[in-house]
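The values are calculated or read from the model by the stated rules, or taken from the named source; none is laboratory data. The structure presented is a predicted model; accordingly, all values stated were derived computationally and were not measured. Here the Cβ is made from the backbone with ideal geometry for all residues, glycine too, and neighbour counts use every protein chain on show.
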Amino acid sequence: ADTVIVSVRPDQLNEALDGVTFRAGQLVISTLAGVDLATLRDAVGGSDAAGPGIVRSVPLPPVARRAGVTPVIPADPRAVALFDLLGGHLAVDDEEQMATVTVLTGAQTGLLQYIAELCRWAADNGLDPASSEMFIRNTVAGLEPGLRDATTPIGGLIDNFETEGGLNWQLRTRFFDDLTTGALTRELDTLHRRVRGE
């Protein structure tokens, strides 16, 4: 094979590649979160010149719908072509930036949990759980065109959806106070230390 995708848990890397040999000219694409290029090179073997090309990537579930942008380092044209078929790629300059992007991939279910809490609150306040969940999910899904419009910054999207003093404004400004955003920042920093191996 000209391209080999290594997609196992990080602790399975050495076992998965035990006895596998690679040649110069091959491309090894890793999807292992938090496993840096040096570790991958050690597992694959060979020097940069004599061994295969190695790319780190962090594809997320939306690639199954060809809707996920996948961070890659380095931006080998063969890997870029593959991930562009699945929704696009984000070329990352160095391992430090890849660590930051990897942290962001760990925030996905937190976004979903926010939606789940809205659904729980609606049910606790008398709405039919299935109907209210359908309403909330469709309302959130309706934000997609704005999120995909790269010409409008996130702050602009917020401005488009709220009126100062209105319901959206009240919840956003009171919930996302220094205490809440501070807690989020601390957890993101904790994830950052984890993916950097600190």
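Table for the structure above
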| item | result |
| --- | --- |
| Selection status of Gly106, free of Cβ contacts under 8 Å to residues at least 12 places away in the same chain and at negative phi | no |
| Condition met for Gly146 (more than 20 Å from Arg120 (Cα to Cα) and exposed (fewer than 12 other Cβ atoms within 10 Å of the Cβ)) | no |
| Failed item in (1) in contact with a strand residue (DSSP E or B) (Cβ under 8 Å, 6 or more places away or on another chain); (2) part of a loop (DSSP other than H, G, I, E, B); (3) closer than 29 Å to Ala141 by Cα, with Ala33 passing the rest | (1) |
| Of all residues in the range 175-184 being surrounded by fewer than 11 Cβ atoms within 10 Å (Cβ to Cβ) and not charged (D, E, K, R), the one that is nearest to Leu32 (Cα to Cα) | Ala183 |
| Residue within the range 73-86 that is of a type in the set (Lys, Arg), over 17 Å from the mean Cα position of the chain (by Cα) and at pLDDT 90 or above present | yes |
| Checklist (1) of a type in the set (A, V, I, L, M); (2) within 30 Å of Leu37 (Cα to Cα); (3) free of Cβ contacts under 8 Å to residues at least 40 places away in the same chain applied to Ile136, failing item | (2) |
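Rundown of residues vs (1) within 21 Å of Arg9 (Cα to Cα); (2) touching an Asp or Glu at 6+ places or on another chain (Cβ under 8 Å); (3) touching a residue at least 24 places away in the same chain (Cβ under 8 Å), yes/no style:
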site	(1), (2), (3)
Leu32	yes, no, yes
Asp36	yes, yes, yes
Asp42	yes, no, no
Gly45	yes, no, yes
Val58	yes, no, yes
Arg65	no, no, no
Pro77	no, no, no
Phe83	yes, no, yes
